[in-house]
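Notes to accompany the following structure.
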Amino acid sequence: MVLAELSGSISRALQQMNNATVIDEKVLNDCLNEISRALLQADVQFSMVRDMQTNIKNIVNFDELAAGHNKRRIIQQAVSNELCKMLDPGKPSFTPKKGKTSVIMFVGLQGSGKTTTCTKYAYYHQKKGWKPALVCADTFRAGAFDQLKQNATKAKIPFYGSYMESDPVKIAGEGVERFKKENCDLIIVDTSGRHKQEAALFEEMRQVAEVTKPDLVIFVMDSSIGQAAFDQAQAFKQSVAVGAVIITKMDGHAKGGGALSAVATTKSPVIFIGTGEHMDEFEVFDVEPFVRRLLGMRDWSGFMDRMHEFVPTNEQTELVQKLSEGTFTFRLMYEQLQPLLKMGPAGQVLSAFGAELMAKGNEKENQVKFKRYMTIMDSMTNAELDSTNPKLMNGSRIICIARGSGRKVEDVMEMIQFYKMFAKIWSNMMKRLKVPKKGSMNARSQSMTAQHVSKALPPQMLKQMGGMGGLQSLMKQMGSN
Ligand SMILES: Nc1nc2c(ncn2[C@@H]2O[C@H](COP(=O)(O)OP(=O)(O)OP(=O)(O)O)[C@@H](O)[C@H]2O)c(=O)[nH]1
């Protein structure tokens with residue numbers, strides 16, 4: 001089962017639960033059984049699936065949950081937390097520091113994509129201003145040195161290896177020493193691929209680790225390896241101190257479940273994923289967005305992508321500015337509804353805001369509703385539009401607005417209710433994107449913010465703003481306001 005299928009099955013199971021009129025033990029069991037079946041088919045270890053079931057059942061205790069608790073939300077949150085727990089060992093891996101020498105050793109099965117990943121890792125850091133270097137300690141596979149040499153030359157990264165020397169421990173030691181002298185801050189050691197049955201090769205890997213004293217050992221794993229991942233990861237972990245995992249070939253028919261198992265075995269976080277054969281097909285891995293996607297929940301960076309389709313280019317900079325202001329006024333809601341009406345079915349875009357904001361499958365009705373809200377807002381004063389406080393509109397103001405817009409008082413109340421929901425979702429989005437409020441930004445948080453916002457922005461939009469530089473200077477301007 002590929003990851004997309006796993007995601008489909010899990011979100012279908014949750015949706016079925018959401019459709020049930022009453023959430024009781026049977027509905028929960030059916031939902032958990034569906035999710036477990038999907039995870040097992042995706043090659044997640046049986047013991048992990050069983051533990052997940054038990055943990056969720058302990059959290060969602062129907063005898064203890066008082067009436068009025070939103071059981072659907074509690075169950076969804078519990079499933080999300082359990083999946084995050086599987087993928088997040090709770091402690092971050094060693095993070096190398098730019099300008100300070102770190103030795104990173106790559107280990108993994110034959111053909112897992114280790115050599116390719118070493119170069120991707122080096123290239124990723126080089127682009128960020130590091131001084132990486134590659135050492136080829138794979139003397140087992142003929143052609144491994146040539147492959148590394150070719151990749152390194154293409155990326156203009158210094159490398160060390162030998163056609164003559166057959167002792168990988170010697171090569172690794174010499175390479176690391178040389179690049180330390182050259183003040184490289186990221187020395188990457190590629191080792192031979194091996195299977196857990198190959199005791200001699202495992203011993204050799206231990207010796208390479210002994211001589212190079214790596215700050216971090218990265219276990220590279222092919223995402224399609226399936227159930228075998230667990231055993232393999234365990235064998236590597238027993239021989240060397242694996243501190244992080246990189247999963248490759250996530251672009252292919254990835255089962256994904258093996259990755260969950262490997263993380264649990266090595267108790268090390270996944271730090272990157274490989275998404276293609278090319279040097280830059282390499283992404284930082286974040287647990288939460290990954291799990292949210294598996295559960296079919298909204299990812300806020302997806303929201304930004306969609307907004308890009310609907311917000312005209314000349315208004316995009318302004319939108320980013322508004323994001324950083326952190327306050328959600330009635331006027332801002334008006335402005336967000338406007339493009340949705342102009343550009344066709346609002347439901348398509350508004351689904352990005354979460355199901356709560358709209359009646360599902362009723363696009364036409366939603367359109368009419370948003371138009372009505374905007375007509376009502378046309379009768380509000382500037383002070384009311386620029387406020388975040390609905391209480392500004394007391395009883396008599398609500399009657400005036402209703403009269404002015406030719407609508408009923410109930411319609412005005414409904415619009416205010418909608419505003420409150422929208423504002424809550426907006427503020428959650430700000431937290432997710434970690435956007436600090438306007439004026440509270442120092443130089444460091446400006447650059448952090450720019451990084452966060454840039455991640456959420458579609459590439460074309462970032463380009464139009466003058467790349468990272470343009471975005472940073474925009475953030476600076478806003479911080480100094
Ligand atoms: N599609 C895809 N292919 C990848 C990815 N990473 C590596 N590959 C391909 O996987 C194959 C094996 O990669 P290598 O880097 O040679 O594997 P290795 O683990 O160093 O192999 P050994 O030296 O035998 O251990 C190559 O054809 C790579 O191009 C990825 O993220 N996606």
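Descriptive notes on the structure:
- Flag for Met441 being farther than 26 Å from Glu288 by Cα and at pLDDT below 60: no
- Qualifying residue in segment 223-230 (condition: in contact with a strand residue (DSSP E or B) (Cβ under 8 Å, 6 or more places away or on another chain) and not in a strand (DSSP E or B)): yes
- Here Ser102, Ser112, Ser93, Ser80 are screened, and the one residue that is within 16 Å of the ligand (Cβ to nearest atom) and either of a type in the set (Ser, Thr, Tyr) or at pLDDT below 85 (or both) is Ser112.
- Residue match in segment 60-70 (condition: closer than 26 Å to Phe230 by Cβ and not assigned by TED's automatic domain parsing to the domain that holds Thr266): no
- Cβ-Cβ under 6 Å pairs, at least 6 apart or on other chains, segment 230-253 side of a type in the set (D, E, K, R), far side part of a helix (DSSP H, G or I) and open to solvent by less than 70 Å² (accessible area, probe 1.4 Å): Lys237/Thr266
- Check on Phe219, part of a helix (DSSP H, G or I), among the aromatic types (Phe, Trp, Tyr) and either in contact with a helix residue (DSSP H, G or I) (Cβ under 8 Å, 6 or more places away or on another chain) or open to solvent by less than 60 Å² (accessible area, probe 1.4 Å) (or both): no
- Residues satisfying the stated conditions in segment 224-236, i.e. in contact with a helix residue (DSSP H, G or I) (Cβ under 6 Å, 6 or more places away or on another chain) and of a type outside the set (Val, Ile, Thr): Gly226, Ala229, Phe230, Ala233, Gln234
- Whether a residue is within 16 Å of the ligand (Cβ to nearest atom), open to solvent by 10 Å² or more (accessible area, probe 1.4 Å) and either within 19 Å of Leu109 (Cα to Cα) or not assigned by TED's automatic domain parsing to the domain that holds Glu281 (or both) was assessed, and Gln147 passes this test.
- Helices (runs of 4 or more DSSP H) lying entirely in segment 231-340 (those with 3 or more residues that are open to solvent by less than 30 Å² (accessible area, probe 1.4 Å) and at pLDDT below 70): 257-266, 300-310, 316-325
- Taking residues in segment 128-142 that are at negative phi and part of a loop (DSSP other than H, G, I, E, B), and partners anywhere that are open to solvent by 50 Å² or more (accessible area, probe 1.4 Å) and within 14 Å of the ligand (Cβ to nearest atom), the pairs with Cβ atoms closer than 8 Å and at least 6 places apart or on different chains are Arg141/Gln110.
- Test: Lys154 is in the same structural domain as Ile273 (by TED's automatic domain parsing), more than 10 Å from the ligand (Cβ to nearest atom), in contact with a Cys (Cβ under 6 Å, 6 or more places away or on another chain) and in contact (Cβ under 8 Å) with a residue 40 or more places away in the chain: no
- Members of segment 95-127 found to be open to solvent by 60 Å² or more (accessible area, probe 1.4 Å), assigned to a loop (DSSP other than H, G, I, E, B) and within 21 Å of Ile157 (Cβ to Cβ), listed by number: Thr95, Lys97, Lys98, Gly99, Lys100
- Failed item, numbered, when Ile187 is tested on (1) away from the ligand (no atom under 16 Å from the Cβ); (2) in a helix (DSSP H, G or I): (2)
- The residues of segment 147-167 that are in contact with a helix residue (DSSP H, G or I) (Cβ under 7 Å, 6 or more places away or on another chain), farther than 21 Å from Lys181 by Cα and not hydrophobic (A, V, I, L, M, F, W, C), listed by number, are Gln147, Asn151, Tyr163, Glu165.
- The set of residues in segment 115-136 being of a type outside the set (Val, Ile, Thr), over 25 Å from the mean Cα position of the chain (by Cα) and away from the ligand (no atom under 11 Å from the Cβ) consists of Lys131, Pro132, Ala133, Leu134.
The values are calculated or read from the model by the stated rules, or taken from the named source; none is laboratory data. Keep in mind the model is a prediction, meaning the values are calculated, not measured. For neighbour counting, all protein chains shown are included, and Cβ atoms are generated from backbone atoms with ideal geometry for every residue, glycine included. In case anyone asks, the SASA skips ligands and DNA or RNA and just uses the protein heavy atoms, side chains included. Shrake-Rupley method; radii C 1.70, N 1.55, O 1.52, S 1.80 Å.
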